[in-house]
Amino acid sequence: MTSLGLVPHGAPPTHAGRDRAVLLLAALLLLCPLGGAPAAAPTTGRARSAATSAAATARDQASIRTALAQHVARYNARDWRAMRAEYTEDALVMPSYVATVQGGEGVNALYRGEFSSADAAEFNSVMEAQIDELQVHGDLAFDRGTITITTSHGGFERKTDIRFMNIRRRQPDGGWKITHSMDNPIAPPFGAR
């Protein structure tokens, strides 16, 4: 008899050898079901957790994309009060060409000033935005991309491309608010027209 309990060719079978052979055959059949394909590995807790995590990340990314689309709609409607709701109370905003603002009142003043100035009343500005990168890490996320603002006045139109980056924090309701925001224009090379 061999170490597996199999009987060498020509030797009379024993009960122990036959029993081991049957167990080995049953194990092989369990591992390779009919049709020759190996059996699917059982799903582990870790695999379920990864699948759940991937689905949650996809939901979070969709929520952030929706938040950016709402920002664009609010900007185009010049609704600075609604834009304030997109930021945390301690938000830090570093816009182009003006001083850094912090906190809810600073965000209010920034957008109120942008939309209520005499120049703003004469110009029509329309924003479009595109996310180039979006990552979620637990309760923090960042999105970066490009904003294009098309400003028109008296038959003339100018497009300004701006890079942006937002850091967001998950809120108790599952939404995402901006904690830090920074933008800067993508200027053409010196001398280009």
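Data table
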| item | result |
| --- | --- |
| 19 Å tail of the calculated P(r), the stretch 134-193, as % of Cα pairs | 50 percent |
| Cα principal axis extents for the stretch 102-180, largest first, Å | 48, 29, 19 |
| Fewest-first ranking of Lys177, Lys159, using other Cβ atoms within 10 Å as the exposure measure | Lys159, Lys177 |
| Under 19 Å from the Asp79 label point (7 Å along Cα→beta-carbon), backbone N, the stretch 163-181 | 175-178 |
| Dipole of the stretch 47-185 [Lys/Arg +1, Asp/Glu -1 at C-beta], most positive-end residue of Leu134, Ala54, Ile147 | Ala54 |
| Antiparallel DSSP beta bridges within the stretch 47-185, as percent of all bridges there, nearest 5 | 90 percent |
| Point-charge dipole on Cβ atoms (K/R +1, D/E -1) for the stretch 47-185, about Cα centre, debye to 20 | 340 debye |
| Mean Cβ neighbour count within 10 Å, used as a protection proxy, ranking 130-140, 80-90, 56-66 highest first | 80-90, 56-66, 130-140 |
| Evaluated at q = 0.11, 0.13, 0.14, 0.21 Å⁻¹: base-10 log I(q)/I(0), Debye formula over Cα of the stretch 47-185 | -0.43, -0.58, -0.67, -1.38 |
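Rule-based calculations on the coordinates, nothing more; no lab input. For clarity, every value in this text was computed on a predicted model and none was experimentally measured. When we count neighbours, we look across all protein chains shown, and the Cβ atoms used for this are built from the backbone with ideal geometry, even at glycine.
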